[in-house]
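K.L.:
Sending over a structure as structure tokens; questions will come in a sec.
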Amino acid sequence: MRSSSSRRSFVAGLASAGALAALGFSELPDGALAEQTLYALPGKLPLIRKTFRPPNFETPVEYFRTPITPNRAFFVRYHLAGIPQPIKADDWSLSVAGDSVERPLKLTLQQLKKEFEPAQVTAVNQCSGNRRGLFEPHVPGVEWGVGAMGNAVWRGVRLKDVLARAGVRSNALEVVLDGADQGAIDKTPDFVKSIPVDVALRDETLIAFEMNGAPLPHWNGFPARLIVPGWTGTYWVKHLVSVKLTSTPEKNFWMSTAYRLPRGLFKTPTFTSQLYAPNEPITTMVVNSLVTSLRSGQQVPRGKTIPVRGVAWDGGSGIDAVEVSADFGGSWQRARLGKDLGRYSFREFALDLPAREPGALVVMARATGKSGETQVNRLIFNPAGYHHNVIQRLYVEVV
Ligand SMILES: Nc1nc2c(c(=O)[nH]1)N[C@H]1C(S)=C(S)[C@@H](COP(=O)(O)O)O[C@H]1N2
Ligand SMILES: [Mo]
């Protein structure tokens, strides 16, 4: 084993960006980086365009320097080819049905807003495939960098209150969610997701129509979307038009084939009614963090400090600690944590490292949840490229 000081000089001796990338220092493989273009959808700031049809746009890192992600910078993810058409609030209604409700019903947006108690939650919406572009070996799918996520204050009504109005039968197993977007000339099956009934009946599972105090942007699900705090973004169905309580597992492509993981690979909760195949659906997010104050390859003047700041989050236990290392993980120091905005929210962290001697450093940040789960040193490979929470290694040069 190398000592940390010889590791440091080893890193300092590396000349080319290619050699650094080979060690995992670049944020994305070279090809993926070269393809990054910024583009502003109507109502949005310029975001990193991954695909245009369907619209898949990633949030640039600088917007994670505040714990709440601005609506105009919030990432956009769609599955069905074509651009989802804006919906008029007056034309929209939500149907609540299924074989496990007593009384099917339909609600307008006005009814939803007026007849139910308001509720809100601050929660991270992160795509299961966030950081897929960093997978080694490479896996197919949208090659996301680090910005297929965002944190917002979501406001709306509780799904459980809406379900209660329709009457929940005791045989209810899953709640099936469908949005207004459809692949009209598309071969892709309609995007329909389900969640376990106990998750649907939690206080913090919402039908939201506001994001950070404003109506949901079209691209993030206007006029209403599902919020499932702690669970990955795939369950947060946008432009929600149908909620069905069912006594049988939902078996469409998006539940049975996509968004699945090898069984038992992660210690996340099990979606028990969906265990009819050798694999299992993804559920909650794994603990993770993002350094927002440094870019790999950055130079810092000697005598100054190296600011290590960023955000950390997990699947809902809340962040317990973020530790920072400047010696390839040889030693770790606890960062200060920012204000607690709730267990589903981003938690800010900060630590200043001294930039004493000229040379190269590898800065790492490692988050641990209150569940005891910690970010991993090595990728837990899975074929669809989900749950990337490898500790970042940022190469910083003191000059
Ligand atoms: N109607 C609809 N809802 C959807 C999707 C979709 O394709 N259609 N994609 C899901 C996925 S996979 C993610 S990660 C989140 C992304 O939310 P955002 O686009 O608001 O950032 O929306 C979810 N809800
Ligand atoms: Mo996603």
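Just so you know, all these numbers are worked out from the coordinates, no wet-lab data involved. Worth saying up front: this structure is predicted, and the values here are computed from it rather than measured. In this analysis, Cβ positions are derived from the backbone assuming ideal geometry, glycine residues included, and neighbour counts consider all displayed protein chains.
K.L.:
Among TYR276, VAL311, LEU201, whose Cα lies farthest out toward the positive end of the dipole of the chain, if unit charges sit on the beta carbon of Lys, Arg (+1) and Asp, Glu (-1)?
P.N.:
VAL311
K.L.:
Describe numerically, in nm with one decimal, the distance between label points set 7 Å from Cα along Cα→Cβ at GLN111 and at LEU45.
P.N.:
Distance between the two pseudo-spin positions: 3.9 nm.
K.L.:
Please identify, among TYR63, TYR78, TYR276, the residue showing maximal mean-square fluctuation in a Gaussian network model of the chain using a 10 angstrom Cα cutoff.
P.N.:
Most flexible of the set in this elastic network: TYR276.
K.L.:
Further question: So if I take the centroid of the Cα atoms in segment 285-348 and the same for segment 115-185, what is the distance between those two points in Å?
P.N.:
For segment 285-348 versus segment 115-185, the Cα centre distance is 26 Å.
K.L.:
Based solely on its DSSP helices, what 222 nm [θ] is calculated for the chain when runs of n ≥ 4 H residues each add -39,500 (n - 2.57) and the sum is averaged over all residues, nearest 500 deg cm²/dmol?
P.N.:
That calculation yields -2500 deg cm²/dmol at 222 nm.
K.L.:
Note down the magnitude of the dipole of segment 200-350 about its Cα centre, charges +1 on Lys and Arg C-beta and -1 on Asp and Glu C-beta and zero elsewhere, to the nearest 20 debye.
P.N.:
Once rounded to the nearest 20, the dipole reads 300 debye.
K.L.:
Expressed in nm to one decimal, what extension gain is obtained for the pair ALA89 and SER256 from 0.36 nm per residue of sequence separation less their Cα-Cα distance?
P.N.:
56.9 nm
K.L.:
May I pose another question? Determine the relative contact order of segment 215-322: mean sequence separation of Cα pairs under 8 Å and six or more apart, normalised by residue count, in whole percent.
P.N.:
In percent, rounded to a whole number, it is 21.
K.L.:
Okay, next question. In vacuo Debye scattering of the chain, one point per C-alpha: log10 I(q)/I(0) at q = 0.09, 0.12, 0.13 Å⁻¹?
P.N.:
With one equal scatterer per Cα and no solvent, log10 I(q)/I(0) is -0.54, -0.94, -1.08.
K.L.:
Still on this structure: What is the distance, in nm, between label points placed 7 Å from the Cα along the Cα-to-Cβ direction at THR37 and at VAL139?
P.N.:
According to this spin-label approximation, the distance is 2.8 nm.
K.L.:
Taking loop as defined by DSSP and a crowding limit of 13 other beta carbons within 10 Å, which trypsin sites (Lys or Arg not before Pro) in segment 306-399 fit?
P.N.:
Sparse-neighbourhood loop trypsin sites (Lys or Arg not before Pro): LYS339, ARG356, ARG378.
K.L.:
Taking the Cβ-Cβ separation of SER247 and LYS187 as r and a Förster radius of 22 Å, what is the calculated FRET efficiency to the nearest 0.05?
P.N.:
0.15
K.L.:
Each label point is 7 Å from the Cα along the Cα-to-Cβ direction; what then is the distance between the points at ALA214 and SER170, in nm?
P.N.:
In this crude spin-label approximation the distance works out to 4.9 nm.
K.L.:
Could you pull out every one of the lysines with an alpha carbon less than 20 Å from that of LYS267, ignoring same-chain neighbours closer than 8 positions?
P.N.:
Within the straight-line cut-off, LYS267 pairs with LYS370.
K.L.:
Here is a further query. Specify which residue in the list PRO249, VAL124, PHE346 is farthest towards the positive end of the charge dipole of the chain, using unit charges on the beta carbon of Lys, Arg (+1) and Asp, Glu (-1), about the Cα centre.
P.N.:
So the residue we want is PHE346.
K.L.:
Okay, moving on. What percent does the relative contact order of the chain come to when contacts are Cα pairs within less than 8 Å and at least six residues apart?
P.N.:
In percent, rounded to a whole number, it is 17.
K.L.:
With charges only on Cβ, +1 for K and R and -1 for D and E, what is the dipole size of segment 264-357 about its Cα centre, in debye, rounded to 20?
P.N.:
340
K.L.:
A 24 angstrom limit on the alpha carbon distance is what I want to check against. Which of LYS50/LYS113; LYS44/LYS88; LYS113/LYS187; LYS106/LYS193 exceed it?
P.N.:
Table pairs above 24 Å Cα-Cα are LYS50/LYS113; LYS113/LYS187.
K.L.:
Long-range amide H contacts for ILE380: which residues qualify at under 5 Å (H placed 1.01 Å from N, peptide plane, sequence gap of 5 or more or a different chain)?
P.N.:
Residues meeting the amide H criterion: ASN389.
K.L.:
Please turn the phi angles of segment 98-107 into ³J(HN,Hα) values with the Karplus equation 6.51 cos²θ - 1.76 cosθ + 1.60 (θ = phi - 60°), one per residue in order, whole Hz, x for glycine and proline.
P.N.:
x, 6, 10, 10, 6, 9, x, 8, 10, 10
K.L.:
Using θ = phi - 60° and the Karplus form 6.51 cos²θ - 1.76 cosθ + 1.60, what ³J(HN,Hα) does each residue of segment 289-298 get, whole Hz, x for Gly and Pro?
P.N.:
Calculated HN-Hα couplings, in order: 8, 9, 7, 10, 9, 9, 10, 4, x, 5 Hz.
K.L.:
Ok, one more. Each residue of segment 318-333 in turn: what ³J(HN,Hα) in whole Hz from Karplus with 6.51, -1.76, 1.60 and θ = phi - 60°, glycine and Pro shown as x?
P.N.:
The phi angles translate into x, 7, 8, 7, 10, 10, 10, 10, 10, 10, 6, x, x, 9, 10, 10 Hz.
K.L.:
Would you mind working out the magnitude of the charge dipole of the chain relative to its Cα centre, with +1 at each Lys and Arg C-beta and -1 at each Asp and Glu C-beta, to the nearest 20 Debye?
P.N.:
Using only the charged Cβ atoms, the result is roughly 480 debye.
K.L.:
Can you give the extra length, in nm with one decimal, that the chain gains between ARG334 and GLU397 once fully stretched, where that is 0.36 nm per residue apart less the Cα-Cα distance?
P.N.:
In short, 20.5 nm is gained.
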